[in-house]
Amino acid sequence: MIIAVDGPAASGKGTLARALAEHFGLAYLDTGSLYRATAVRLLAVGNTDPTEDEATKAADTITAADRESPDLRSEATGQMASTVAAMAGVRASLLAFQRNFAANPPGGATGAVMDGRDIGTVVLPDADKKLFITASAKARAHRRFLELSASGDPTSEDQVLADLIDRDRRDAERAQSPMVQAPDAHLLDTTELDIDAAFLAAKAYISGPAR
Ligand code: CDP
């Protein structure tokens, strides 16, 4: 069982994907963490304007420690992740790891849930189930603001909203694997849904007829 979960920043796809993986006994991969880890590597050496070559080398050499960096979830890392995610070399570098995770899920799991921007369209177009999670920009900015404040990242809700709109535009307009709902994906708008309600809606879709 392979489940693809895509959608814009702070739509709740990560929380949902993790809960689905737990419920169905599947392995979970946050593919955004690979792009974020690439950004962490570049920012750690002060490279704020990498060439495609430099960014691709960073993607080629990310480690588990990079994916666990305390800076992984910061706003600056998210913006840099979205900048390098537009580069073909970076995407090609991270593609094999993602497909291999789905083909050989760790821990003896019989399948995987992977969340990102292009899982249902490019990484795993044959996924058994595809969800596209969205929510209004305002609702997403509010959620991300609460997350960032809780982790001590000093910011304002207006700034978070502006950054989020900026990042969504970059992710949707890029030439390489743009963020777009796959034609055969199930759309779930979580603007008015809490985590439990979103989980129930997603579970009902997954337990329903094959796509
Ligand atoms: O958690 P959040 O929704 O803020 O973002 P994320 O999933 O951690 O992804 C960070 C950035 O990585 C995104 O803005 C995308 O530019 C990029 N990304 C991507 O291009 N493709 C993916 N499959 C996952 C992330």
Mind checking whether some residue in segment 157-178 is on the phi > 0 side of the Ramachandran plot, at pLDDT below 95 and within 13 Å of the ligand (Cβ to nearest atom)? yes
Please determine, by comparing only the residues of segment 104-118 that are part of a helix (DSSP H, G or I) and touching a residue at least 12 places away in the same chain (Cβ under 8 Å), which one is most open to solvent (accessible area, probe 1.4 Å). Gly107
Just the residues that are farther than 26 Å from Leu146 by Cα and open to solvent by less than 20 Å² (accessible area, probe 1.4 Å), please, taken from segment 186-211. Ile206
Could you say which residue among Phe101, Phe97, Phe132 is touching a residue at least 60 places away in the same chain (Cβ under 8 Å), surrounded by fewer than 17 Cβ atoms within 10 Å (Cβ to Cβ), of a type in the set (A, V, I, L, M, F, W, C) and within 14 Å of the ligand (Cβ to nearest atom)? Phe97
Looking only at segment 58-76, which residues are under 16 Å from Pro8 (Cα atoms) and more than 8 Å from the ligand (Cβ to nearest atom)? Glu75
Could you please give the count of residues in segment 52-68 that are surrounded by fewer than 20 Cβ atoms within 10 Å (Cβ to Cβ) and closer than 28 Å to Ser149 by Cβ? 4
Output the qualifying pairs, or none if there are none: Cβ atoms under 7 angstrom, residues six or more apart or on different chains, first residue in segment 20-38 and of a type in the set (Asp, Glu), second residue surrounded by 24 or more Cβ atoms within 10 Å (Cβ to Cβ). Asp30/Asp115
Looking at (1) open to solvent by 20 Å² or more (accessible area, probe 1.4 Å); (2) in a helix (DSSP H, G or I), which one does Gln176 not meet, given that it meets all the others? (2)
When the residues of segment 69-81 are narrowed to those that are among the small types (Gly, Ala, Ser) and modelled with pLDDT under 95, which ends up most open to solvent (accessible area, probe 1.4 Å)? Ala76
Selected residue (criterion: nearest to Ala172 (Cα to Cα)) from residues of segment 135-147 that are at pLDDT 95 or above and exposed (fewer than 14 other Cβ atoms within 10 Å of the Cβ): Ser136
Could you check segment 17-42 and list, in sequence order, the residues that are within 24 Å of Ser136 (Cα to Cα), more than 10 Å from the ligand (Cβ to nearest atom) and open to solvent by 10 Å² or more (accessible area, probe 1.4 Å)? Arg18, Ala19
Neighbours by Cβ (under 7 Å, 6+ apart or cross-chain): first from segment 147-171, farther than 20 Å from Arg117 by Cα and in a loop (DSSP other than H, G, I, E, B); second open to solvent by 60 Å² or more (accessible area, probe 1.4 Å) and within 10 Å of the ligand (Cβ to nearest atom): Ser151/Arg73
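The values are calculated or read from the model by the stated rules, or taken from the named source; none is laboratory data. As the structure is a prediction and not an experimental result, all values here were calculated from the model. Counting neighbours? That spans all protein chains shown, and the Cβs are built from the backbone with ideal geometry, glycine included. Calculation scope for accessible area: heavy atoms of the full protein, side chains included, ligands and nucleic acids excluded. Shrake-Rupley method; radii C 1.70, N 1.55, O 1.52, S 1.80 Å.
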